[in-house]
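Reading through the structure tokens given below for one structure.
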Amino acid sequence: MFDQNKARLKPLLDKLGREGIGHWIAGRRVESASGATFETRSPVDGSHIADVARGGAADIAAAAAAARAAFPAWRDMRVEKRQNLLHKVADRIEAHADRIATLECWDTGQAWRFMSKAAVRAADNFRFFADRCLHARDGRNMPSADHWNVSTRTPIGPVGVITPWNTPFMLSTWKIAPALAAGCTVVHKPAEWSPVTADLLPRILQEAGVPDGVLNTVHGFGEDAGRALTEHEAIKAIGFVGETSTGSAIMAQGAATLKRVHFELGGKNPVIVFDDADLDRALDAVVFMIYSLNGERCTSSSRLLIQKSIADDFIGKLAARVKKLKVGHPLDPATEIGPLIHERHLSKVCSYFEIAKQEGADILVGGARHESDGGHYVQPTLVRAKPDSRLAQEEIFGPFLTALTFETEAEAVALANNVRYGLAGYVWSRDIGRSLRVADALEAGMVWVNSENVRHLPTPFGGIKASGIGRDGGDYSFDFYMETKMVSLASGAHSIQKLGT
Ligand code: NAD
């Protein structure tokens with residue numbers, strides 16, 4: 001399989017190197033108005049992948065104009081036709097799944113074992129929202145004595161979607177599929193560190209027969225293309241996934257044009273393990289939820305809260321597992337941890353090794369770069385630290401787990417909530433009453449009990465505190481991408497005040 005993956009990569013890279021990556025506006029590849037480009041390089045060995053068009057305000061204006069022009073026809077298309085087209089997109093993603101996964105591994109450093117599934121999950125996102133199309137306009141009937149009051153929903157208009165570099169293809173479909181299903185047209189600004197698979201999505205939509213201008217992609221940096229998108233008056237809402245500080249900036253940038261915003265931001269998620277839990281399953285989940293996807297995952301359980309009575313034994317077993325994690329080439333199916341996305345991110349993660357020493361934390365496993373020929377590899381790391389230390393408070397976004405101990409349920413909850421973030425929480429206990437109490441008390445948008453993060457698309461996904469505003473998934477996505485309108489019909493009999501008689 002490793003050889004097969006490498007063989008698949010070669011011609012794809014030859015083509016990218018030759019042709020580069022342009023914007024995709026109104027169904028055509030275009031270069032930047034300024035002619036500017038930037039390079040994307042592989043985290044595996046630093047090699048050049050492609051020159052990418054570097055968008056600015058002029059390119060965003062062209063993309064927004066295309067999205068605005070395509071909007072009326074897309075909004076008014078019969079829903080069965082839109083449903084059919086979005087299913088065809090899912091079919092095409094499945095047909096290209098190996099190509100998408102191969103390029104994603106090379107461009108982002110994520111391991112094949114996860115990326116091969118992520119491409120399939122992207123198709124699932126389109127299928128799920130294709131079928132939801134039929135119900136997007138649904139409202140409620142709230143009759144009163146003299147009126148029949150009904151609500152209905154209409155798509156908000158052209159929207160902007162700004163995405164990060166972690167599992168970028170799957171994650172972008174999570175925002176773009178519901179927007180399209182709602183009847184919105186989209187301008188997508190993918191992350192500058194992962195442009196390669198973002199270029200495939202509008203091409204796949206075109207192959208599937210989605211009209212030109214319904215999805216437009218503008219590459220470039222946050223401070224120019226991203227900023228221009230958030231400030232454009234034709235763009236009615238911004239679906240954003242990324243860092244908390246960027247969310248704040250986008251809120252300020254969008255204020256003048258009254259942008260509706262939906263933010264999925266950072267996390268420092270706790271996994272709480274009580275002494276009565278199924279400890280074998282808890283151990284599997286703890287390892288999976290921080291060391292899969294290179295730990296570059298918003299819902300990763302980056303803080304282990306372990307009950308003191310079992311702490312030494314559990315952490316001992318955990319350390320043994322972490323030492324055995326396979327760090328390697330992302331296209332090798334045996335690899336569990338690939339190189340980190342970018343040298344700047346590698347430096348950020350590695351800076352926490354120094355912080356660990358300064359804070360007097362116990363580095364139980366890892367704590368250094370992983371030796372390799374030039375890739376951004378890092379050793380999976382496990383530390384024991386103090387609750388108020390930076391290791392226990394800040395989002396590191398790498399394969400780095402910080403363990404803390406607690407004695408009582410109340411202490412576990414207080415520790416879990418003692419961070420600025422509130423995205424996800426994980427609770428392991430056989431005591432149902434306690435699990436429910438803790439789930440209720442956790443300041444988090446999502447809690448999994450006796451489970452790792454298993455996504456079910458109808459459920460609300462999102463965070464509280466510094467982790468986000470709004471929810472994705474099922475009907476929650478439509479609430480964001482649509483306006484709710486109330487229509488009230490008088491039954492004819494109520495009295496109307498007579499003024500001026
Ligand atoms: P980032 O905030 O640096 O960048 C995300 C996107 O925003 C990029 O496309 C970037 O170009 C753009 N951007 C940057 N500045 C901008 C500005 N001023 N105006 C408009 N756009 C701008 O985030 P990142 O480093 O790419 O991604 C990692 C972060 O994303 C982590 O904090 C992670 O927790 C978070 N994340 C959250 C979720 C979630 O569901 N809560 C999911 C995935 C990732």
Worksheet item: Taking the range 149-169, which residues are surrounded by 22 or more Cβ atoms within 10 Å (Cβ to Cβ), away from the ligand (no atom under 16 Å from the Cβ) and within 18 Å of VAL218 (Cβ to Cβ)?
Response: PRO158
Worksheet item: Looking only at residues in the range 221-246 that are part of a helix (DSSP H, G or I) and crowded, with 24+ Cβ neighbours inside 10 Å, which one is nearest to the chain's Cα centre (by Cα)?
Response: GLY226
Worksheet item: Could you say which residue among LEU364, LEU415, LEU401 is in contact with a Pro (Cβ under 6 Å, 6 or more places away or on another chain) and either part of a loop (DSSP other than H, G, I, E, B) or surrounded by 18 or more Cβ atoms within 10 Å (Cβ to Cβ) (or both)?
Response: LEU415
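Residue by residue, here is whether (1) farther than 29 Å from TRP106 by Cα; (2) surrounded by fewer than 19 Cβ atoms within 10 Å (Cβ to Cβ); (3) in contact with a helix residue (DSSP H, G or I) (Cβ under 6 Å, 6 or more places away or on another chain) holds:
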site: ALA252; (1), (2), (3): yes, yes, no
site: LYS259; (1), (2), (3): yes, no, no
site: ILE290; (1), (2), (3): no, no, no
site: LYS308; (1), (2), (3): yes, yes, no
site: PRO333; (1), (2), (3): no, yes, yes
site: GLU336; (1), (2), (3): no, no, no
Response to the item:
Residue pairs qualifying under the 6 Å Cβ cut-off, at least six apart or on distinct chains, with the first in the range 180-192 being open to solvent by less than 10 Å² (accessible area, probe 1.4 Å) and the second being basic (Lys, Arg) and more than 16 Å from the ligand (Cβ to nearest atom), are ALA181/ARG132; GLY183/ARG75
Fill in: Residue that is farthest from TYR291 (Cα to Cα), among those in the range 119-129 that are surrounded by 22 or more Cβ atoms within 10 Å (Cβ to Cβ) and among the aliphatic types (A, V, I, L, M)
ALA123
Practice prompt. Might you let me know whether the range 87-103 holds any residue that is closer than 20 Å to PHE288 by Cβ, in contact (Cβ under 8 Å) with a residue 40 or more places away in the chain and either in contact with a strand residue (DSSP E or B) (Cβ under 7 Å, 6 or more places away or on another chain) or aliphatic (A, V, I, L, M) (or both)?
Written response: no
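Could you check, for the range 200-220, whether at least one of its residues is near the ligand (Cβ under 10 Å from one of its atoms) and part of a helix (DSSP H, G or I)? Lay out the reasoning, then the answer.
Narrowing the range 200-220 to residues near the ligand (Cβ under 10 Å from one of its atoms): 219-220.
Pick out the ones that are also part of a helix (DSSP H, G or I) and you get none.
Scanning the range 200-220, I find no residue that is near the ligand (Cβ under 10 Å from one of its atoms) and part of a helix (DSSP H, G or I), so the answer is no.
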Worksheet item: Does the range 268-282 contain any residue that is open to solvent by less than 20 Å² (accessible area, probe 1.4 Å), of a type outside the set (Lys, Arg) and within 14 Å of the ligand (Cβ to nearest atom)?
Response: yes
Worksheet entry | Tally, over the range 375-419, of residues that are in contact with a helix residue (DSSP H, G or I) (Cβ under 6 Å, 6 or more places away or on another chain) and of a type in the set (Lys, Arg) | 1
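The values are calculated or read from the model by the stated rules, or taken from the named source; none is laboratory data. Computed from a prediction, not measured in an experiment: that's the story for all the values here. In this analysis, Cβ positions are derived from the backbone assuming ideal geometry, glycine residues included, and neighbour counts consider all displayed protein chains. Surface areas here come from the heavy atoms of the whole protein model, side chains and all, with no ligands, DNA or RNA. Shrake-Rupley method; radii C 1.70, N 1.55, O 1.52, S 1.80 Å.
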